[in-house]
Amino acid sequence: MAPPGAWGRVSRDGLEGSLGADIDAGQRGLLERLNGSEWRAPIYAELVARDVGRFGRPVTVLEIGCGLGLDGDVGLQRQMAERADRFIGVEPDTEVEPEPIFTELIRAPLEDAELEPESVDIAYSIMVMEHLEDPRAFIEAMHSALRPGGVYWGFTVDRRHWYTYVANAMTRLNLKSGYLDLLAGHRRGEGRYHDYPTAYRINRPRDLRKFESLFSRVDSWNVGPVDSASHYAPRALRPFVRGFERLRVQFGAPRTDFVVRMVR
C-alpha cells in the first residue's frame, strides 16, 4: 500500500507538455497541505483555479453540486465565478437555493443536465462522488461535456476508510440522520451538512480503472487530516478516535479523503 499522502496514479499516459501532462509543483504542494490542519475548501479552490489559469483563452467552468457554495463557502464560489468567463452550476436539490452568480444554473443531476458536448474546460465536484448510484452515467456525462484537454477535479471520501463502513451501516439501520442531529444539535440543513444517501461506488483507485479508456490521464490521491473522522464521534470518544487514526496512518492505512483528476 502506498504511504500516506502518496500520489496514487491510476494512469501514466498523459501527453508531455500538454495541459493534461501532470499537475504542477504548486498543485503537488496543495495536495500535501490537505494532510494538515488547514480547512480543505480554500485548498480545493486553489487546485481547481490553477488549472483554470492554464488556459490562455476564455474559460468555461462547471460546478457540480453548487447549491451551498464551494464546499459550503459562498465566498470561494464567488471567486471562482470571477475567474470564469462562463460559470455553469448543476444542482439537483430543489430545497437549496444557489447564489445568483452563475451564467447558467441547471436544476438536475449531471446525468440529466443535457450540457452542450465539448463545451466545458474545467469541471469539479466536492463531496458528490460518494452519492452516485450510477457512476458510469455521471462519468460519461462529464466526459461528454468536457472539451479535449479539459479537466475534472473530484473531491470525495475514500471508500477504503473505515468511516464509510460505519456510515453505510448507520444508513441501512436508519440511524444516520438522527445521530447527526444529536451530534450537531441541529436538524439537517439547520446547522449541519445535508446527509444525502451514500453509495461509495467510485471512491477507490480500482473503481476508476474502468473509465481510463475515456481519458488521456486519470490520477488519484489519498489525503486528509488525521483527525478528520473524529469530528463524527461523540465528543468524549474523539481523543480515542484520533489516537486510532494516527496509528492507522503510521502503518500506511488510507486517510479519509479521495481526490481525483481526470483529463479528457
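Here are a few things to note about the model shown:
- Applying the set (1) out of contact with any helix residue (DSSP H, G or I) (no Cβ under 9 Å at 6 or more places or on another chain); (2) closer than 21 Å to residue 258 by Cβ to residue 64 leaves exactly one unmet item: (1).
- Candidate set from region 160-201 (those that are open to solvent by less than 40 Å² (accessible area, probe 1.4 Å) and part of a loop (DSSP other than H, G, I, E, B)); member that is modelled with the lowest pLDDT: 192
- Sole residue being modelled with pLDDT of 95 or more and over 22 Å from residue 68 (Cα atoms), chosen from 148, 109: 148
- Meets criteria (open to solvent by less than 60 Å² (accessible area, probe 1.4 Å), modelled with pLDDT under 90 and under 24 Å from residue 39 (Cα atoms)) for residue 238: yes
- Residues of region 117-140 satisfying the condition of being in a helix (DSSP H, G or I) and either surrounded by 19 or more Cβ atoms within 10 Å (Cβ to Cβ) or touching a residue at least 40 places away in the same chain (Cβ under 8 Å) (or both): 129, 130, 131, 135, 136, 138, 139, 140
- Within region 79-102, considering residues that are open to solvent by 10 Å² or more (accessible area, probe 1.4 Å) and small (Gly, Ala, Ser), the one nearest to residue 55 (Cα to Cα): 84
- Region 202-227, residues that are farther than 29 Å from residue 136 by Cα and either crowded, with 22+ Cβ neighbours inside 10 Å or not charged (D, E, K, R) (or both): 225, 226
The values are calculated or read from the model by the stated rules, or taken from the named source; none is laboratory data. From a predicted model like this one, the values you see are computed outputs, not experimental measurements. Backbone-built Cβ (ideal geometry, glycine too); neighbour counts: all protein chains shown. Ligands, DNA and RNA are stripped out before the accessible areas are found, and what is left, the full protein with its side chains, is counted by its heavy atoms. Shrake-Rupley method; radii C 1.70, N 1.55, O 1.52, S 1.80 Å.
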